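Worksheet for the structure shown next.
The values are calculated or read from the model by the stated rules, or taken from the named source; none is laboratory data. Just so it is clear, the model here is predicted, and its values are computed rather than measured. Neighbour counts are summed over all protein chains in view; Cβ atoms, including those assigned to glycine, are modelled from backbone coordinates with ideal geometry. Remember, those area values only see protein heavy atoms, side chains included, never the ligands or the DNA or RNA. Shrake-Rupley method; radii C 1.70, N 1.55, O 1.52, S 1.80 Å.
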Amino acid sequence: MVSLTVTLQQHTDEVSCCAFSPSLLASSSGDKTLRVYDTADFSELPFSPLSGHGYGVHCCCFSSCGSYLLSCSTDGSVIVWVSRTGEVSAVLQHPGRSPLRVCALAPDSSLLLAGACDGTVALWDFSCKTLRRCSEVSEASVVACCFSPCGQMFVTGCTRGDLKLWDTDLNLLHAEKDAHDMGVTCCSFAPQFQIDGCCVELRMASCGQDSQLKIWIVSQHEGAACVMKLLHTLTSQSAPVLSCAFSSDGELVVSGSVDKSVAVYDANQGTLLHTLKQHDRYVTAVALSPTMPWIATGSMDRSVNVWRIGDGVSAPAAESKKTTCQGRKLPGHSRLLLADWSEEDVQTWLCEEGLQELVSIFKANNIDGAELSRLNKETVAELGIESVGLRGRLTRKVESLKAEQSGSEAPDEFLCPITRELMRDPVIAADGYSYERDSIESWIRGKNKTSPMTNLPLQTTLLTPNRSLKTAIARWKLSQ
């Protein structure tokens, strides 16, 4: 039984990661910030948002006690924040300045690990913030890493699809080649482990571009090699699975997918319990609270949904999108483009604007954001709204909404994928994507010979001016 509790829509770009401490929820985003909320009522803390990274933030995590919040970014740094004040405690730079895609802290907070686009991992002594080692662990970008609950090993996953287990001295314990076809996206250990004589047994989840979530048994006998055995392959999601996490008791495993769904499984049986479908775009992040029955999910729709487990709501209710006025936080309060609003978003907006009596008419006519943006005096009359005053109010509200959004959001294709800022001099790189010239040149100068979008090697560093895009951006700016 899972029900939607609240939708948080403060980020102005896609949400990349979510993390819980015993009393806080944090989210990171391509907008270069972190947002921090009190889980008592999910109000944003006074010092939030946290700004310190020069580029988008890929990952965030708390220390076990919740005293510190960590974040890593394309700028190649890990920032350590004091959770209760939002102050910066330390800034740790990758030795090669390579963009960092993921970071993790050991359960006892003794070690900090970060995975980089150049295939290396950096390992710091967290107490004194000194670098212990930086080693190459893959020929492809390291996009996933996680410490075991015993803290004696960690796993890395790369865009080539391999999973590798390492001890804390960076000795390879086991390599699972092609664990996920087309690449690993996330991995997570269950919080519990078993010790039977001289054998340690752990459970680990991994997911990838192959649209699969896998649960593994990781075991090691004293003096023997580490062994990984596949326990379950879960395939309920129809597109790449981008994130996975276990519940604090290890009984549930949750995953988010490109198909916009969140799947909740029984981790022991490998059976699907719930499918949650509230997000409008890819689900990029999932997290579970260590102390409360909360699931947080983040998405490219720039929102974080918080779900409650076990409150008596039926599964069908969890699977269907809410259409009541009290459902999602209002889309007008977010930074979504009007054209991206769903029919439910439009109906929620009507309720907020005091136009509840029009919900049934809009629902019958299947009016979404794109249709709403086209409404004028003539088309409003065609909806069959008899009251002249009501038609006038609706027209004024629509015009006000369009004026509010005009200029507040540039089309996504006008933003540089690296900085998420409006491009002035767009160029096309060898990967076929367009970037701001200064940003991609800086990326390449930083010894990054891989695509910022695909993580695949750039066949050439030649940049071609995108004059048609530059013209389109100029026209858009003139229209604002």
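Quick check on my link table: of Lys177/Lys260; Lys32/Lys177; Lys449/Lys477; Lys277/Lys477; Lys214/Lys260; Lys277/Lys363, which ones sit more than 24 Å apart, alpha carbon to alpha carbon?
Table pairs above 24 Å Cα-Cα are Lys177/Lys260; Lys32/Lys177; Lys449/Lys477; Lys277/Lys477.
For Ser29, what residues show an amide H to amide H distance below 5 Å, using hydrogens built from the backbone and excluding near sequence neighbours?
Residues meeting the criterion, in which the H sits 1.01 Å from N, are Ser16, Val57.
What does the net charge come to around Gln194 if you take all other residues with beta carbon closer than 11 Å to its beta carbon, with K and R at +1 and D and E at -1?
-1
Would you grab the residues whose amide H sits under 5 Å from the one on Leu111? Only those 5+ places off in sequence or on another chain, please, with H modelled 1.01 Å from N.
The list, which skips near neighbours in sequence, is Ala106, Phe126.
Determine ³J(HN,Hα), in whole Hz, for all residues of the range 130-142 in sequence, where each value follows from phi through the Karplus function 6.51 cos²θ - 1.76 cosθ + 1.60 and θ = phi - 60°; x replaces Gly and Pro.
10, 6, 8, 6, 9, 9, 7, 10, 7, 7, 10, 4, 8
Restrict the search to the range 196-293; then list the GluC sites (Glu not before Pro) that DSSP places in a loop and that have at most 12 other Cβ atoms within 10 Å of their Cβ.
Answer by residue number: Glu222.
Evaluate Rg over Rh across the range 1-146, taking Cα atoms for both radii and Kirkwood's formula for Rh.
My calculation puts Rg/Rh at 0.97.
Can you order the peptides 106-118, 463-475 by their average number of other Cβ atoms within 10 Å per residue, highest first?
Put in order of decreasing packing, that is 106-118, 463-475.
Based on Cα coordinates alone, diagonalise the gyration tensor for the range 357-406, multiply each eigenvalue by 5, take square roots, and list the semi-axes in whole Å, largest first.
Each semi-axis is the square root of five times an eigenvalue, giving 17, 13, 9 Å.
Just to check I understand the Karplus step: with θ = phi - 60° and J = 6.51 cos²θ - 1.76 cosθ + 1.60, what whole-Hz values come out for the range 43-51, glycine and proline as x?
7, 6, 5, x, 7, 7, x, 9, 10
Can you list the trypsin sites (Lys or Arg not before Pro) in the range 123-185 that are in a DSSP coil and have 13 or fewer other beta carbons within 10 angstrom?
Those that pass, being in a loop and sparsely packed, are Lys177.
I want the local charge near Leu25. Using Cβ-Cβ distances under 14 Å, sum +1 for each Lys or Arg and -1 for each Asp or Glu among the other residues.
Its environment carries a net charge of -1.
Give the Kirkwood hydrodynamic radius (Å, one decimal) of the range 188-286, defined as one over the mean of 1/r across all pairs of different Cα atoms.
13.9
How high is the relative contact order of the chain, in percent, with contacts defined as C-alpha pairs under 8 Å that are six or more residues apart?
The value is 11 percent.
Under the rule a/c < 1.5 gives rounded, and otherwise a/b versus b/c splits prolate from oblate, where does the range 129-222 land using the Cα gyration tensor?
Cα axes put the range 129-222 in the oblate bin.
Given the -39500 (n - 2.57) contribution per DSSP H run of 4+ residues, what per-residue ellipticity at 222 nm results for the chain, rounded to the nearest 500 deg cm²/dmol?
Taken over the chain, the calculation gives -4000 deg cm²/dmol.
What's the local net charge at Thr379, with K and R +1, D and E -1, over the other residues with C-beta under 11 Å away?
0
Each residue of the range 157-162 in turn: what ³J(HN,Hα) in whole Hz from Karplus with 6.51, -1.76, 1.60 and θ = phi - 60°, glycine and Pro shown as x?
With the stated coefficients, the range 157-162 comes to x, 10, 5, 7, x, 8 Hz.
Using a 1.4 Å probe on the protein chains only, how many percent of the accessible area of the chain belongs to carbon and sulfur?
So the carbon and sulfur contribution to the accessible surface is 49 percent.
Using the scaling law 2.2 N^0.38 Å as the reference, what is the normalised Cα Rg of the chain?
In units of the globular-protein estimate, the chain measures up at 1.02.
Search the structure for amide H atoms under 5 Å from the amide H of Arg101, placed 1.01 Å from N in the peptide plane, and list their residues when 5 or more places away or on another chain.
Gly115, Ala116, Cys117
Could you report the chain's accessible area per residue, 1.4 Å probe, as an integer in Å²?
About 42 Å² of surface per residue is accessible.
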